[in-house]
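Okay, so here's the structure we're looking at.
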Amino acid sequence: MTVSPPPLPANRRRIGSDGAGVIFSLSAYGLWGVLPLYFVLLAPSGPWEVVAWRVLLSLVFCALLLTVARGWGRFLAVLRSPRLALTMGVAGLLIYVNWQTFLAAALTEHVIEASLGYFINPIMTVLLAVLVLHERLRPLQWTAIGLALLAVVVIVVGYGAVPWYALILSISFGVYGLVKKKTGADVDAVSGLALETLWLVPVAAVQLAIVASTTGVTMGTAGPLHTVLLLSAGVVTAVPLLLFAAGARRVSLTTVGLLQFIAPILQFVIGAAVLHEPMPLERWIGFAIVWLALAVLTADQVRHARRPRPPVPLA
């Protein structure tokens with residue numbers, strides 16, 4: 001009787017996959033981090049027009065990807081499932097709110113506040129796990145949530161304004177991630193994004209009609225470079241989402257949790273150092289408390305991930 005060699009350890013089998021996953025995730029968060037600079041270059045286009053073009057051109061880009069990758073069968077299978085189709089509609093509505101809010105923040109000199117929303121997002125995800133999935137939190141996770149709430153209170157009281165952009169961004173993207181998590185095994189990345197944007201086509205068409213009748217559509221009216229940049233909105237929107245989906249499948253949740261801070265850090269640096277947005281003392285104190293909360297949450301995640309798991313009993 002021949003004896004087959006033992007299988008490779010799990011950590012050796014995943015080295016290549018983990019490396020590719022880290023690269024994909026780094027690329028996604030890096031692109032999201034520098035998006036404010038891209039949107040600033042789109043002036044004089046307003047946020048309503050830009051989001052409309054993002055929806056329409058993302059759908060065109062996804063259609064090209066489905067054609068090249070022969071993915072129309074998977075897309076139609078999702079479309080024929082009422083549950084999945086309606087769930088993607090909910091996801092599309094959430095990502096629309098996120099896009100519109102982020103565009104409004106980037107084009108009205110609120111990039112730092114937008115970065116605060118994505119700093120809070122991991123804590124919002126943990127809070128949603130309690131409220132929606134009824135998960136039990138560990139003490140350090142409750143500490144991180146308490147610190148995040150304290151940070152918002154400090155900013156509201158000290159700065160004199162509610163950080164609406166930050167709150168809407170963190171809530172919309174947190175719930176969007178929850179919806180995508182529930183359908184991740186049934187819907188591939190390209191089909192999901194294509195169906196999300198397909199649901200938003202009527203909204204985008206109405207927005208463009210309103211813009212055309214009020215301020216006027218800027219596509220093709222502000223020079224060749226502006227036209228090329230605006231036509232790239234679909235690629236700029238879809239590529240980070242697809243890179244994120246590819247990376248999330250290859251690395252652990254802890255790794256994704258650590259890498260996701262890259263985007264808000266880049267946005268914060270761009271807002272403060274490049275766009276010269278104000279950072280009074282009250283904001284520094286609020287951000288410092290948020291960063292402390294994230295440090296506590298990250299330490300808890302790393303410690304929990306390293307905890308040895310109980311052995312699986314043999315049959």
Looking only at the range 96-116, count how many residues are more than 24 Å from MET279 (Cβ to Cβ) and either crowded, with 24+ Cβ neighbours inside 10 Å or without any contact (Cβ under 8 Å) to a residue 60 or more places away in the chain (or both).
-> 1
Among the numbered criteria (1) under 23 Å from GLY174 (Cα atoms); (2) of a type outside the set (A, V, I, L, M, F, W, C); (3) not in a helix (DSSP H, G or I), which single criterion is violated by GLU109?
-> (1)
Scope the range 206-223; condition surrounded by 11 or more Cβ atoms within 10 Å (Cβ to Cβ) and outside any loop (DSSP other than H, G, I, E, B); matching residues = VAL206, GLN207, LEU208, ALA209, ILE210, VAL211, ALA212
Output for the range 179-201, where each listed residue is at pLDDT 80 or above and among the charged types (D, E, K, R) | ASP186, ASP188, GLU196
Are any of the residues in the range 282-292 assigned to a helix (DSSP H, G or I), over 19 Å from VAL153 (Cα atoms) and modelled with pLDDT of 80 or more?
-> no
Of the residues TYR176, TYR165, which single one is in contact with a Ser or Thr (Cβ under 8 Å, 6 or more places away or on another chain), surrounded by 16 or more Cβ atoms within 10 Å (Cβ to Cβ) and of a type in the set (Phe, Trp, Tyr)?
-> TYR165
Quick one: would you say THR87 is polar (S, T, N, Q), crowded, with 19+ Cβ neighbours inside 10 Å, within 13 Å of the chain's Cα centre (by Cα) and farther than 12 Å from PRO264 by Cβ?
-> no
Pairs only if they're at least six apart or on different chains, beta carbon under 9 angstrom, first in the range 121-143 and over 24 Å from ILE265 (Cα atoms) and in contact (Cβ under 8 Å) with a residue 12 or more places away in the chain, second of a type in the set (Asp, Glu) and surrounded by 15 or more Cβ atoms within 10 Å (Cβ to Cβ); list them, first residue then second.
-> ARG138/ASP300
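The values are calculated or read from the model by the stated rules, or taken from the named source; none is laboratory data. Quick caveat: nothing in here was measured; it's all calculated off a predicted structure. Every residue, glycine as well, gets a Cβ built from its backbone with ideal geometry; the counts of neighbours run over all protein chains shown.
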